[in-house]
Every structure is written in structure tokens, then in C-alpha cells.
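Colleague: Once you've had a glance at the structure underneath, I'll fire off some questions.
The values are calculated or read from the model by the stated rules, or taken from the named source; none is laboratory data. Note that the coordinates shown come from a computational prediction; the quantities given were computed from them, not determined experimentally. Backbone-built Cβ (ideal geometry, glycine too); neighbour counts: all protein chains shown.
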Amino acid sequence: MLELHDAEEIPVGADLLATNAKAALHNREHFLGHGVYVLNLMSGPGAGKTTLLERTLDALAPRYRLAVIEGDVQTRHDADRIARHGVPVHQINTGGACHLDARLVHQALDHFELGALDALIIENVGNLVCPAEFDLGEHDKVMVLSVTEGHDKPQKYPVMFHAARALLLNKMDLLPHVDFDVAYAERAARALNLDLEIFRVSARSGEGLDAWYRWLEARIGKAQRHLDH
Ligand SMILES: Nc1nc2c(ncn2[C@@H]2O[C@H](COP(=O)(O)OP(=O)(O)O)[C@@H](O)[C@H]2O)c(=O)[nH]1
Ligand SMILES: [Mg+2]
């Protein structure tokens, strides 16, 4: 029974990823062609992606032309939150899938004028497994892990931490109330990904966010310099 299941699943999965890789390549060509930096924001549900995004938009929107794609299984709650910050936003509902894929993102691009943007931020569906496996054509994947989720998550969900260029350790304001060993979590994450940039932040208090904004500005600047050459 198990063998039959495996034999059926593996080719389907491989085919799906190959199809996604082609669509991701196509997206990347669009992004590079228009000089727009694209970030794929990933975490488990409730880690604080939308809250961090709202603060980031307020901090960077005066200097950069930004837009957002929101991914959720259902509802447009997050798109409504983002729209209140005066930034163009499009909501994707996957209807059940636990991640965005490159084709869904490509369809969403029709709602934006890419050439008029400096950066596009994609908030992925809240999930610690699937999003990391689907390339969207983005420049960077950034992960959020909140201190309420437990410091063992890098070891339990290694693919996410391996794929990310930066990690936001969020909800630091709650640290006195939870048993979360920050040094342990950071060591475990860096064991999977030596070059991982880690920011200790609180989307509530604003702690640590300036360093995150500076990093993001540098990444946007680098993408724009590539266009100039
Ligand atoms: N205490 C605290 N709560 C936070 C922080 N960031 C987000 N939250 C709360 O966590 C919940 C989930 O946040 P949300 O941004 O919707 O998470 P998402 O599902 O990852 O987009 C909300 O109730 C937020 O107000 C933080 O830094 N500190
Ligand atoms: Mg959200």
C-alpha cells in the first residue's frame, strides 16, 4: 500500500515542481526586466507577517514605490489591512493550497504596473513547510519566527530556514512570558544556513526594526544597481 502510494506521488510532485520552476523563471525575467525587487515573506500562521509588513510599509513608503501581494487560503482580511497603508495590494486566495506558486503570482502581476515599482512584497500562506519549496521568482525569501512558537522550530522545519536569506525573530516583547531560548534558536538556524541574517524584532514595540529596514533598503538598492549595469 505504502509503495503504491509512493510510486504515484513522486512523479506528480516532481512534475509540479518542474512546472513551477518554469513559471518562476518567467516571473524572474519580468522582475529583472522591470528592475523591481521582490521579497517572499514566509512563516507559520500568526507569527506576525502582516503586522511587520504594515510597519515596514509605513517606514519605507515615503522613499520607495512599494506594492504587496497577499496569499491566504481564504478571506481578504490581510489585503484590507495593507490597503489602509495606501499601498497597491492584490489578494490571492489559494482555496486550500498551503502555499503560493509561481503561476498564481504571475496571474496577480496583471494587477500592478511593475515598471512603476521599486519593490514588491509577497506575503505567503502561513505554513512552515510548503512555501519554501515553491520558487516564485523572488530575489529573497525572508522568514518570520515568533518567540511564542518555540526555539526548536529551525530543527523541526529545516527547509524554510535553509531557504531564507534573513530571519526576523518577532514578538521579542513577549520574551519575558515564554520559554524561548534566543541563542539556541539562532544557533540552530545558523547551523542550517551559515549566512542567515537574523534580526530580533517586535512589530508591537518597534524594537529592532530599524536594522531590518536598513537591510531591506540595501537589498532593494542592490537589485536596482543590477538594472543600471
Ligand atoms: N505581542 C506581539 N504581538 C504581535 C507582534 N507581531 C504580531 N503580533 C500579533 O500576532 C497576531 C498575528 O499577527 P499577524 O500579523 O496577523 O500574523 P501573520 O498571520 O503572520 O500575518 C496579531 O494578533 C498581532 O497583533 C509582536 O511583535 N508582539
Ligand atoms: Mg497575515
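Colleague: What residue, among those in segment 73-117 that are of a type in the set (Asp, Glu) and touching a helix residue (DSSP H, G or I) at 6+ places or on another chain (Cβ under 6 Å), is nearest to ligand 1 (Cβ to nearest atom)?
Modeller: ASP78
Colleague: Here is a follow-up. Where residues in segment 172-221 are polar (S, T, N, Q) and within 16 Å of ligand 1 (Cβ to nearest atom), which of them is surrounded by the most Cβ atoms within 10 Å (Cβ to Cβ)?
Modeller: If we take residues in segment 172-221 being polar (S, T, N, Q) and within 16 Å of ligand 1 (Cβ to nearest atom), then SER202 is surrounded by the most Cβ atoms within 10 Å (Cβ to Cβ).
Colleague: Would a scan of segment 147-164 turn up a residue that is part of a loop (DSSP other than H, G, I, E, B) and free of Cβ contacts under 8 Å to residues at least 12 places away in the same chain?
Modeller: Checked segment 147-164: no residue is part of a loop (DSSP other than H, G, I, E, B) and free of Cβ contacts under 8 Å to residues at least 12 places away in the same chain.
Colleague: Same structure again: I need the helices (runs of 4 or more DSSP H) fully contained in segment 1-105, keeping only those with at least 2 residues that are modelled with pLDDT under 95.
Modeller: 2-34
Colleague: Here's something else I'd like to know. Which residue is nearest to THR50 (Cα to Cα), if the candidates are limited to segment 188-229 and must be of a type in the set (Val, Ile, Thr) and in contact with a helix residue (DSSP H, G or I) (Cβ under 7 Å, 6 or more places away or on another chain)?
Modeller: Step by step, filter segment 188-229, then rank; the result is VAL201.
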